[in-house]
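See structure below.
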Amino acid sequence: MSTTTIPTRRWTRREYDRLVRLGMLREDEPVELIAGRLIVAEPQNEAHARAIELAAETLRVAFGPGWRVRVQLPLALGNNSEPEPDIAVVSGTPRDAGHPRSAALVLEVADWSLRLDRLAKASIYARAGIADYWVVNLVDRVLEVHRDPVAAGRRGWKYGDVRVWVAGARVAPLAAPTASIAVDDLLP
């Protein structure tokens, strides 16, 4: 049996934004541009939605004034990625032009998407220099904290320090080191 590689086309952020402007993709369509690929997001179950709300509320308190907690809004990360993370904590004001090009912290809630969040999304966030990337892992009911972005040769980028925090533990964001966040506050 012979295996054939099917050629695919990579997209840029500019082309992706044009698809939206032309109406070929609706703004509310669950599609993200990840490393040049259009990824369709699955519908959220109740636990996923609740975890996003819990995390947003917890991070607003932890970061306080001067920080925006953006929920499922785009980040402009390089020429070929425009993810819409579950949460991105950014500085600035809502009146700033364009999508933010970085974040102090990005958080994804993962159930079915755990592999995507650990690999492809971690790679683009590391490449963008996002120092603090958290995954609320609903499968194992833990918080995975990814830090220290490093180049991984031909495999792109990764985080050199990945730690798992269990229920009962507390963790501080790098950009808000005096905050102490209970893992329990992030889990539904």
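Its relative contact order, with pairs defined as Cα atoms under 8 Å and 6+ residues apart, puts region 123-177 at 33 percent. Note that region 65-73 has calculated 3J(HN,Hα) couplings of x, x, 10, 10, 9, 9, 9, 6, 10 Hz, one per residue in order, obtained from phi through the Karplus relation 6.51 cos²θ - 1.76 cosθ + 1.60 (θ = phi - 60°); glycine and proline are x. Approximating the spin labels as points 7 Å out from Cα along Cα→Cβ, the residue 26-to-residue 182 distance works out to 4.0 nm. Placing dummy labels 7 Å off each Cα toward the beta-carbon, the span from residue 163 to residue 5 is 4.0 nm.
For region 122-127, the Karplus equation 6.51 cos²θ - 1.76 cosθ + 1.60, evaluated at θ = phi - 60°, returns couplings of 4, 5, 6, 5, 5, 4 Hz by residue, with Gly and Pro reported as x.
Put simply, the C-alpha atoms of the chain give a gyration tensor, and the ellipsoid matching it has half-axes of 27, 20, 17 Å, longest first.
Radius of gyration over Kirkwood radius for region 51-110, both on Cα atoms: the Rg/Rh ratio is 0.95. Each Lys and Arg adds +1 at its Cβ and each Asp and Glu adds -1 at its Cβ; summed about the Cα centre, the chain shows a dipole of about 840 debye. This ranking places 4, 12 by how few other beta-carbon atoms lie within 10 Å of each, fewest first, which gives 4, 12.
Nearest 0.05, what FRET efficiency do residue 91 and residue 45 give at R0 = 35 Å with Cβ-Cβ as r? Plugging the Cβ-Cβ distance into 1/(1 + (r/R0)^6) gives 0.65.
Each residue of region 42-53 was assigned a 3J(HN,Hα) from its phi angle through the Karplus curve 6.51 cos²θ - 1.76 cosθ + 1.60 (θ = phi - 60°); the sequence is 7, x, 8, 7, 4, 4, 4, 4, 5, 4, 4, 4 Hz, with glycine and proline shown as x. Amide H contacts under 5 Å for residue 132: 106, restricted to partners 5 or more places along the chain or on a different chain, H placed in the peptide plane at 1.01 Å from N.
With a cut-off of 8 Å between alpha carbons and a minimum separation of six or more residues, what is the relative contact order of the chain in percent?
Numbers: 356 pairs, mean separation 31.1, N = 188.
Across the chain, relative contact order equals 17 percent.
Just subtract the alpha-carbon distance of residue 61 and residue 101 from 0.36 nm times their residue separation and send over the number in nm, one decimal. Could the numbers behind the result be given before it?
Numbers: separation 40, 0.36 × 40 = 14.40 nm, distance 2.31 nm.
Full-extension gain reported as 12.1 nm.
Taking 18 Å as the cut-off, the amide N atoms of region 25-58 that come nearer than this to a point 7 Å along the Cα-to-beta-carbon line of residue 115 belong to 34-35, 37-43.
Where a number appears in this text, it was derived from the coordinates with a stated rule and is not lab data. Here the structure is a predicted model, which is why all the values come from computation and not from measurement. Here the Cβ is made from the backbone with ideal geometry for all residues, glycine too, and neighbour counts use every protein chain on show.
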